[in-house]
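Contents: one structure, followed by commentary.
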């Protein structure tokens with residue numbers, strides 16, 4: 001397990017380097033003079049020259065990349081061009097807002113999805129199973145931005161149950177403000193996880209050890225909860241790990257629609273204004289999160305299923 | 001196979017526990033019980049289009065910063081809220097133009113800076129204005145100060161603004177806008193000469209209580225403010241990019257004031273929720289179709305004039321702006337000096353005249369590209385232009401560009417037609433500045449070069465006779481239109497809604513003057 005963990009994190013590091021390098025090159029390939037966009041129409045040639053020097057834009061790309069990685073090794077992600085604040089401060093100030101939204105989405109969608117999938121698998125080909133299938137597929141098919149807008153109109157404007165915008169204050173205030181955003185991005189995951197768990201459960205329930213357990217007279221409830229679900233849940237762990245990428249991208253529009261701070265909104269703002277240091281800082285952190293979550297999912301899988309360690 | 005879910009242990013005890021927990025949860029600040037109306041408790045909640053970035057007026061990035069700076073700092077003069085452009089005294093108890101290049105002022109004696117930085121003096125004014133024009137400061141707002149030479153301090157609270165040459169926009173931009181904010185000399189010097197994201201000393205009716213980036217900025221009443229008491233205890237400024245989100249938040253009672261989209265104006269004209277009201281202000285922005293005079297395909301003036309006449313502005317305003325805006329006659333909006341009452345080309349298309357001009361041009365099989373920004377309003381406008389030009393036999397291919405690529409169009413020598421929109425401050429010199437020969441290929445994407453225009457632009461900025469100045473700007477816009485390189489479309493509009501308890505204080509273009517917001 002130790003060697004597997006080391007290998008997995010080495011791979012994660014490599015993925016991170018490749019992703020950050022690719023993004024570094026891509027953002028510089030985007031058309032448009034970054035200095036003119038950043039400084040606006042009234043910038044003097046002296047101001048432009050100063051900013052070009054400050055951002056090392058007068059250097060060849062490979063040298064800019066080396067400078068960036070040099071800063072990275074020192075924990076320096078650069079300075080925001082507009083506010084003069086440290087990019088590390090900016091990104092880590094925004095990150096908790098995104099993380100709490102994603103975490104709540106994962107928790108509620110996984111809990112409901114697993115329950116729905118397990119229940120459907122326990123009642124295959126019944127009305128309940130068919131209704132669960134229809135509901136699950138509907139959830140998967142519902143675009144998150146449509147869910148977000150409908151949720152806003154119904155629960156914030158009409159019913160006034162939940163706030164429409166912002167993040168709130170205090171634990172309950174923050175939780176209250178998280179309900180609609182996490183509902184919007186988690187809903188399709190409910191359906192997805194439910195379908196996945198149902199298929200996996202049905203496969204497991206047909207295996208020999210389950211038949212043996214039944215032959216021993218173990219209650220059906222215990223078989224489902226203690227034996228079958230534990231195995232059937234393995235693909236869900238992997239999917240949730242990979243799903244971090246999806247949830248991070250969902251955070252972009254969710255943060256805009258619900259006027260929440262977060263790294264999704266930050267990256268859009270900074271790309272629009274060609275604020276390279278902030279773009280790179282945000283990409284680095286969100287890529288790091290994605291790589292870390294997939295690595296953790298793999299490790300959890302390996303922990304739960306020893307066969308995974310040998311096949312990697 | 002059957003699972004007995006209903007046999008979960010939910011006995012009487014568990015039921016009571018659950019019911020108690022649910023009851024307790026209902027009392028927690030969740031859902032409806034935890035909601036507060038936006039303007040309760042003396043807190044005004046307004047929407048801003050973007051987040052603030054700095055508390056340093058010298059490095060202000062525009063409206064988002066200025067909304068806050070104008071509330072926590074003072075200027076010699078401030079814009080006067082209302083429907084007509086004008087200014088009123090703020091930190092100055094007196095200000096007068098002694099001669100075209102000298103302006104005397106005296107400060108009020110009851111304004112002080114926070115954090116123990118003492119009373120506001122003429123030295124603070126000198127420091128604040130001169131640091132804007134100092135090369136070391138690298139202020140992007142330096143052009144707003146025009147030909148400012150220096151400030152002469154003649155007393156503790158008296159001084160003279162000295163200009164190198166007359167500068168009319170001093171009264172409409174330099175003093176009442178971004179560069180007019182007065183900061184504390186001692187506090188700024190103690191901070192190393194540059195103010196960052198946090199204020200070093202404030203003096204206005206409000207203080208910046210907190211700033212949570214991308215979430216909100218909170219202003220609170222300044223307890224030491226001796227002037228007219230501000231109406232609100234707190235102002236929360238929420239940066240919300242999306243117009244629809246802001247409208248939903250307003251309708252949900254979470255905002256007291258917001259700009260709304262032009263598409264929603266009709267709906268709000270019929271009814272504003274929660275007893276609120278809609279205010280429709282004209283905007284200073286100007287939108288036009290430009291033609292690159294350097295492009296080989298657009299050398300023929302008759303062709304350009306045919307395009308001017310074939311574009312039907314009313315159709316554009318109806319389809320792309322939902323009929324909520326008026327056609328423009330130039331680049332200078334109504335209410336400003338130099339606005340033209342009418343252009344030489346009527347807003348409605350004259351297809352017969354356009355066809356005639358095209359025939360006179362001798363051009364056949366004309367095919368052009370039209371570059372637009374990737375916003376619905378512009379792409380819709382472009383489609384209408386495409387359709388109307390097709391009516392006289394001109395084929396238009398629309399290039400929809402992302403903002404970065406679009407705003408770099410000055411470097412695009414292949415640019416042919418371009419749909420453009422510029423922002424504006426309330427002085428006409430800010431409009432004409434981008435169309436001079438010097439700006440060709442930078443912001444003058446039409447590459448319009450006209451010596452008379454350049455001269456008018458330079459002289460009008462120095463002209464202090466308002467009537468003469470207005471004539472100069474009218475002539476400058478005539479020259480633009482006569483070149484055939486421009487088809488003026490609209491100045492847009494700034495519709496805003498506010499809740500019933502709020503009395504907004506707005507500039508004539510609909511931008512907020514938060515320090516003057518009142519209660520009803």
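Projecting label points 7 angstrom from Cα along Cα→Cβ for residue A:22 and residue A:218 puts them 4.3 nm apart.
With angles folded into 0 to 90 degrees, how steeply does helix A:276-304 sit against the dominant principal axis of chain A? Use alpha carbons for both and round to 10. Computed tilt is about 20 degrees. Shielding of peptide A:150-162 by partners, expressed as the average count of other chain Cβ atoms within 10 Å per residue Cβ, is 4. Distance between the C-alpha centers of segment B:315-387 and segment A:172-217? Whole Å please. Computed from Cα coordinates, the inter-centre distance equals 57 Å. The modelled label-to-label distance for the pair residue B:96/residue A:14, using points 7 Å beyond Cα in the direction of Cβ, is 8.1 nm. When each of B:328, A:249 is scored by the number of other beta-carbon atoms lying within 10 Å, the sequence from fewest to most is A:249, B:328. Computed from Cα positions, the angle between helix A:234-257 and the longest principal axis of chain A comes to roughly 40 degrees. With a 10 Å cut-off around each Cβ of B:246-257, the average count of Cβ atoms from other chains is 5.
Note on segment A:229-279 and segment A:100-157: Cα centroid distance 19 Å, given to the nearest whole angstrom. Roughly how many whole Å is it from the C-alpha centroid of segment B:46-93 to that of segment B:498-513? Spelled out, the Cα-based centre of one part sits 14 Å from the other. If R0 is taken as 25 Å, the Cβ-Cβ distance between residue A:226 and residue A:103 corresponds to a FRET efficiency of 0.40.
Mean residue ellipticity, 222 nm, helices only, chain B: the sum of -39500 (n - 2.57) across DSSP H runs of n ≥ 4, divided by residue count and rounded to 500, is -8000 deg cm²/dmol.
Roughly what % antiparallel, to the nearest 5, for the DSSP beta bridges in the protein assembly as shown? Percentage antiparallel, nearest 5: 75. Between residue A:74 and residue A:29, the modelled labels are 3.0 nm apart [label points 7 Å from Cα along Cα→Cβ]. Dividing the helix sum by the residues of chain A, where each DSSP H run of 4 or more adds -39500 (n - 2.57), gives a mean residue ellipticity at 222 nm of -25000 deg cm²/dmol.
On the basis of the beta-carbon distance and an R0 of 30 Å, residue B:459 and residue B:302 show a calculated FRET efficiency of 0.45. With a Förster radius of 51 Å applied to the beta-carbon distance between residue B:279 and residue A:65, the computed FRET efficiency rounds to 0.50. Counting Cβ atoms of other protein chains within 10 Å of each Cβ in B:208-214 and taking the mean gives 4.
With contacts taken as Cα pairs under 8 Å at a separation of at least 6 residues, segment A:66-176 carries a relative contact order of 9 percent. For the peptides B:406-414, B:179-187, residues were scored by their other Cβ atoms within 10 Å and the scores averaged per peptide; the highest-first order is B:179-187, B:406-414. From most to least packed by mean Cβ count within 10 Å, the peptides B:232-239, B:444-451, A:60-67 give B:232-239, B:444-451, A:60-67.
By DSSP, the beta bridges lying fully in chain B are antiparallel in about 75 percent of cases. If the segment from residue B:520 to residue B:369 were pulled out straight at 0.36 nm per residue, it would be longer than the present Cα-Cα gap by 49.1 nm.
Going by alpha carbons, how many degrees (0 to 90, nearest 10) lie between the helix axis of A:87-122 and the longest principal axis of chain A? Once rounded, one gets 20 degrees. Taking all Cα pairs closer than 8 Å and separated by 6 or more residues, the relative contact order of segment B:52-201 comes to 30 percent.
None of the figures in this text is laboratory data; all of them are computed from the coordinates on show. For clarity, every value in this text was computed on a predicted model and none was experimentally measured. We place every Cβ from the backbone using ideal geometry, glycine too, and count neighbours over all the protein chains shown.
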